[in-house]
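What follows is one structure encoded as structure tokens, with my remarks underneath.
The values are calculated or read from the model by the stated rules, or taken from the named source; none is laboratory data. Because the structure is predicted, anything quoted here is derived from the model rather than measured. Neighbour counts are summed over all protein chains in view; Cβ atoms, including those assigned to glycine, are modelled from backbone coordinates with ideal geometry. Side chains are part of the model used for accessible areas, which takes the heavy atoms of the whole protein and leaves out ligands, DNA and RNA. Shrake-Rupley method; radii C 1.70, N 1.55, O 1.52, S 1.80 Å.
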Amino acid sequence: MFRPTLRTALALGAGAALALAAAACSPASSKPAATGTSTGSGAPDCSPATLHLVAKGTLTIATDTPAYAPWFDNNTPSDGKGFESAVAYAVAAKLGFTQSQVKWVTEPFDNSYAPGPKNFDFDLNQISITDERKKAVDFSSGYYTVTQGVITLKTSKYAGATSLAGLKPAKIGVQVGTTSMQAVQGKIAPSQQPAVFTTTDDEVNALKNGQIDALVTDLPTVFYLTASSIDNGKVVGQFDYTDSGVEQFGALFAKGNPLVGCVDGAIDQLKSGGELAALTTQWLSTSANAPKLG
């Protein structure tokens, strides 16, 4: 997870595709049962009146601030623009909520996966599903499959790197608490300790000021930054970070929240009906041409 400011429909292509076919990362048996009573067919009752919510009749969704593009629009999650805002309202609609019944609250990214009760029903904030985080919180099935991307300046000696090994001597910046840190340490293993920043804006400024040689974040954000925030930026390439080669974003819940099953069902409907694919194309379009760094 990570982010910049504003919005512009970007690019992601076939390579960084959505989690269409992906099943939940954790076994179904490990997920809490859906809330509500069973319907006659045996399916869980996910109507708004039966859902376990922090505020009755309202679906409370969290994200961080600023809420960056292309995931959100102009730091306004409630406008329905940007990929994760659009996904949030699509899930809400599947659960039977109108747009006016959705409330947004702020949750800092690095607090979101801490154990304990939450003041939201779920959090959408480019949060990667990891086994370590699942010890403290629960996740929905993945709604987006992501790769890590590398940006440097066109004038940098690393601008021509064609492999992860070629980035090993570089001073690399990452955002605190993100999987990008693990990706850099696990896949690049740089000879210098990565520089850790609180926000993406801090990373960008450090790159512009020559404090770091490159920054690593999710690929859609990499394309957004080079198009909007870094005039002399260059996308060096992309790489998978997990051993399985699949990193997915999921909705985050307090541990044991029975709402997970119903949100999983909503995401499954969005996948099977093609709506999730359409939202991905609309908001995250074309970054498939980023070279693969092996």
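With viscosity set to 1.567 mPa s and temperature to 4 °C, compute the Stokes-Einstein D of the stretch 47-188, Rh being the Kirkwood radius across alpha carbon pairs; µm²/s, no decimals. D, rounded to a whole number, is 75 µm²/s.
Projected label points at residue 52 and residue 292, each 7 Å from Cα along the beta carbon direction, are separated by 4.2 nanometres.
Summarising the amide proton neighbourhood of residue 197: residues at separation of 5 or more, or on other chains, whose placed amide H is nearer than 5 Å comprise 174, 175, 176.
If the stretch 68-126 were replaced by its equivalent ellipsoid, with semi-axes equal to the square roots of 5 times the Cα gyration tensor eigenvalues, what would those be, largest first, whole Å? Write down the numbers at each step before the final one.
Working: eigenvalues 72, 48, 17 Å².
Gyration-tensor ellipsoid for the stretch 68-126: 19, 15, 9 Å.
Can you sort 104, 283, 71 by solvent-accessible area, 1.4 Å probe, largest first?
Numbers: 104 45, 283 25, 71 0 Å².
Listed by decreasing accessible area, they come as 104, 283, 71.
Note on residue 232 and residue 79: the model spin-label points, each 7 Å out from Cα along the C-beta direction, lie 3.2 nm apart. For the stretch 208-214, the Karplus equation 6.51 cos²θ - 1.76 cosθ + 1.60, evaluated at θ = phi - 60°, returns couplings of 4, 8, x, 6, 10, 8, 7 Hz by residue, with Gly and Pro reported as x.
In plain terms, the chain from residue 135 to residue 278 could stretch by 48.2 nm, reckoned as 0.36 nm per residue minus the Cα-Cα distance. Amide H contacts of residue 241 (H built 1.01 Å from N, in plane; Pro and chain starts excluded): 148 sit under 5 Å, all sequence-distant by 5 or more or on other chains.
With bins 5 Å wide beginning at 0, the percent of Cα pairs of the stretch 148-239 falling in each bin runs 3, 16, 30, 31, 17, 3, 0.
Applying 0.36 nm per residue to the separation of residue 208 and residue 181 and subtracting their alpha-carbon distance, the gain on full extension is 7.7 nm.
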